[in-house]
1. Expressed as a rounded percentage, what relative contact order does the chain have, with Cα pairs under 8 Å and six or more residues apart?
2. Sort out for me the Cα centre separation of segment 61-130 from segment 10-45, rounded to whole Å.
3. Using the Cα atoms of segment 38-130 to build a convex hull, what is its mean projected area in square nanometres?
4. What percent do you get for the relative contact order of segment 66-123 when only Cα pairs under 8 Å and 6+ apart count?
5. With the dipole of the chain worked out from charges on the C-beta (+1 for Lys and Arg, -1 for Asp and Glu) around the Cα centre, which of VAL74, LEU12, LEU53 lies farthest toward the positive end?
6. When the chain is fully extended, how far beyond the present Cα-Cα distance does LEU53 get from HIS36, taking 0.36 nm per residue of separation?
7. Would you mind counting up the charge near PRO23? Only other residues with Cβ under 15 Å from its Cβ, with Lys and Arg at +1 and Asp and Glu at -1.
8. Can you report the principal axis dimensions of segment 1-82 using only the alpha carbons, biggest first, rounded to whole angstrom?
Amino acid sequence: MNSRVSIEPLELHRDARGLVLEPLGPEAFPAQRNAHLVLTEPGCIRGNHHHPLGTEVAVVLGPALVRLREEGVVRDIPIAEGQAFRLTIPPGVAHAFQNTGTHSTVLVAFNTVAFDPAHPDLVRDVLIPT
């Protein structure tokens, strides 16, 4: 199976103040209609859904487990502490994120569909049971 999901390691720029990373390149900004930042506590799970219409770009700072299901095939992507990855997840691909560390992890997500609480572009699809 050729995956439609793009998985890219991101360069982290560190100094005494902390770290900086660039979640998106300038070419990606015009298509984005939603952005959100998520802090996930140790052992907790986010996602467990897919988007019927929107493409989601998720930047995950490890330690975390990312689980994807694409065309019935489940794939795990472990992200070690101190690593960051950008995943571009097309419509219909289920995704879940679990914090595998001992402190909060960061997820920054962008979507090509604006958030509408009355009609969210989201279908529950459990990949990592809670």
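A short reminder: the numbers here are calculations on the coordinates, not readings from a lab. For clarity, every value in this text was computed on a predicted model and none was experimentally measured. Please note: Cβ atoms are built from the backbone with ideal geometry, for glycine as well, and neighbour counts cover all protein chains shown.
1. Relative contact order for the chain comes out at 36 percent.
2. Measuring centre to centre over Cα atoms gives 13 Å.
3. Projected over every direction and averaged, the Cα hull of segment 38-130 covers 5.6 nm².
4. Relative contact order for segment 66-123 comes out at 31 percent.
5. VAL74
6. 4.4 nm
7. Residues close to PRO23 contribute a combined charge of -4.
8. If we take the Cα atoms of segment 1-82, the spans are 44, 34, 23 Å.
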